[in-house]
Amino acid sequence: MDRRHFLTATALGATANQLLPGLLHGQRGPDLAESDPQAALQKASRTFPTNFWWGAATAAYQLEGAAAEDGRKPSIWDTFSHTKGKVVNGDTGDVACDHYHRYKDDVELMAELGVKHYRFSISWPRVIPDGRGTVNQKGVDFYKRLCDELRAHGITPHATLYHWDLPQALQDKYKGWQSREIVNDFADYATAMVNGLGDRVTHWMTLNEILTFSVVGYGVGNTAPHAPGLALARKKDQLQIIHHALLAHGHACQAIRAAAKGTCSVAIAENFSPYVPVVETPEHIEAARLAFTRTDFNGAIITPLLTGKYDPYWLAQQGAEAPDVKAGDMELIHQKLDALGFNCYTGTYVRAANTPAGFETLDTFEGYPRMALPWLTLVPESIYWGIRMITDALGQKALPIFISENGCADSGPVSSTREMQDTDRVMYLRQYLRQVQRAVDDGYPVVGYFPWSLMDNFEWAEGYTKRFGLVHVDYATQKRTPKLSYRWFQQVIKSGVVR
Ligand code: PNW
């Protein structure tokens, strides 16, 4: 029995089987492996399972606009983007892609692309403007309309509850994620959303990228800071924020399941750091495994999420900076997940070394290939090793993984008169997707892929200067134009093959 068949035969629980029918059972035509190795190699090469989740991803503040409409109140990102000098060109999400009004056109673009899954986020201050208390029905109704439109086109909605737009009221009231009070407020918000949308949404994600909104939002000295833009110098303060986020996730998982009327899938989208063995030999693969568990911040986030414990090696290194943990916290954090979302953009090369930690990470030099953002080095194998380490380093053999984000900013051209030839994005996505396919072939339980992003949108501190979309947006006219990468991805979905 090979690895893939072993996994699919033993690993998946009933819930996953109900939600992912046929997906992990290798429905890729006859398996020729036993009879003809050469044919099997060709057959296996670059094909995806027939029920693979082909999707696209976005987030509320980055594309909705309508910032003060129908009762929505400000989030920390409204405040931050309206603060002079925080975002390039003083850009804000006030209008963004005007998706709030143009969602029907945007669903049409998804349908034409061929995606059957769509990952979006709910704006907390749109649906509970003060963060706690009264639900704003007009806000909930927008997501009802959106979900109805998606479902009418055969597209499954995957809703993320928190993609960084914290209600400003909660930042003002108790300093947002710095306070443990947020745990209950977030769970109440989750309950309200399942009550309001649970007849339309069965696939939920709690949080997006704990590391980014905690350490980059509240931490120190980042050159492209995020809201609320604080610079808490003590590492303990940052780790406490992470701890609150982990608790909020756990409490929300319970809240979603308690409020759901039928079967639902609960996940989280995390950008844990993938480490790539620079040479794929056993000693360097072991080094990658050690790096995965021992390096900041995997041991602080993905390890407790999936195993219920902070990594012991990591924790010992924190000393007095370790977060305060109350009785019962780790149990609350450690909720069984139906799936794990992996946001993957780049990674770090590693090799075995005679160091106390047992490995060393390698630098990327100045001329190393990177996409149109300084941090976005091209490391396609990061997506394979990230998937693999969830199983190999954290022992999560039964956990379906989907790529909840993967993509790059392009270097143009931004002409609206002819096709946008984003050949750099085609190159980037093709290389990463081949590595996803490699993980599928190796038998790792990869169930879906959501490129970031469906369309150009507000790229946080970079404003509108960085474009991650498969679809170009002319912000002056709101005209949408599919780029070359959209056509390329359309073919991938249609054929189930990455070429
Ligand atoms: C993600 N890094 O953030 C977010 O989830 C999206 O909202 C965002 O638009 C997208 O990636 C592109 O930036 C990241 O430094 C921020 O490695 C920073 C990093 C990765 C992802």
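The values are calculated or read from the model by the stated rules, or taken from the named source; none is laboratory data. Just so we're clear, the structure is a prediction, and the values are computed from it rather than from any experiment. Reconstructed Cβ throughout: ideal geometry from the backbone, glycine too, with neighbour counts over all protein chains shown.
Checking each residue in the range 386-402 for being touching a helix residue (DSSP H, G or I) at 6+ places or on another chain (Cβ under 8 Å), without any contact (Cβ under 8 Å) to a residue 60 or more places away in the chain and not basic (K, R) picks out only I387. For the range 450-461, a tally of residues being outside any loop (DSSP other than H, G, I, E, B) and more than 8 Å from the ligand (Cβ to nearest atom) returns 2. Looking at the range 108-207, the helices (runs of 4 or more DSSP H) lying wholly inside it that each contain 3 or more residues that are closer than 22 Å to V447 by Cα sit at 137-152. Of all the residues in the range 67-80, those that are assigned to a loop (DSSP other than H, G, I, E, B) and in contact (Cβ under 8 Å) with a residue 60 or more places away in the chain number 5.
Among the numbered conditions (1) at pLDDT 95 or above; (2) within 21 Å of T346 (Cα to Cα); (3) away from the ligand (no atom under 16 Å from the Cβ), the only one that Y432 does not meet is (3). Would the range 253-268 turn up any residue that is within 15 Å of the ligand (Cβ to nearest atom) and either at pLDDT 95 or above or within 29 Å of P74 (Cα to Cα) (or both)? Within the range 253-268, one or more residues are within 15 Å of the ligand (Cβ to nearest atom) and either at pLDDT 95 or above or within 29 Å of P74 (Cα to Cα) (or both). Among the residues examined, T477 qualifies as away from the ligand (no atom under 15 Å from the Cβ), in a loop (DSSP other than H, G, I, E, B), within 19 Å of G65 (Cβ to Cβ) and among the β-branched types (V, I, T).
Residue-wise test of (1) part of a loop (DSSP other than H, G, I, E, B); (2) basic (K, R); (3) in contact (Cβ under 8 Å) with a residue 12 or more places away in the chain; (4) closer than 22 Å to G308 by Cβ.
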residue: A233; (1), (2), (3), (4): yes, no, yes, no
residue: K236; (1), (2), (3), (4): no, yes, yes, yes
residue: L247; (1), (2), (3), (4): no, no, yes, yes
residue: G250; (1), (2), (3), (4): no, no, yes, yes
residue: I256; (1), (2), (3), (4): no, no, yes, yes
residue: G262; (1), (2), (3), (4): yes, no, yes, no
residue: A267; (1), (2), (3), (4): no, no, yes, yes
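Taking into account only those residues within the range 439-484 that are within 26 Å of H226 (Cβ to Cβ) and hydroxyl-bearing (S, T, Y), which is surrounded by the most Cβ atoms within 10 Å (Cβ to Cβ)? My answer is Y449. From the list T355, T391, the one residue that fits, being more than 15 Å from the ligand (Cβ to nearest atom) and assigned to a loop (DSSP other than H, G, I, E, B), is T355. Pick from the range 229-249 the residues that are at pLDDT 95 or above and farther than 20 Å from L315 by Cα: which of them is surrounded by the fewest Cβ atoms within 10 Å (Cβ to Cβ)? Looking at the filtered set, the residue picked out is A248. Across the range 420-438, the number of residues qualifying as over 18 Å from L378 (Cβ atoms) and buried (at least 19 other Cβ atoms within 10 Å of the Cβ) comes to 1. Of all the listed residues (A327, A316, A339, A320), the sole one being exposed (fewer than 14 other Cβ atoms within 10 Å of the Cβ), away from the ligand (no atom under 16 Å from the Cβ), touching a residue at least 24 places away in the same chain (Cβ under 8 Å) and hydrophobic (A, V, I, L, M, F, W, C) is A320.
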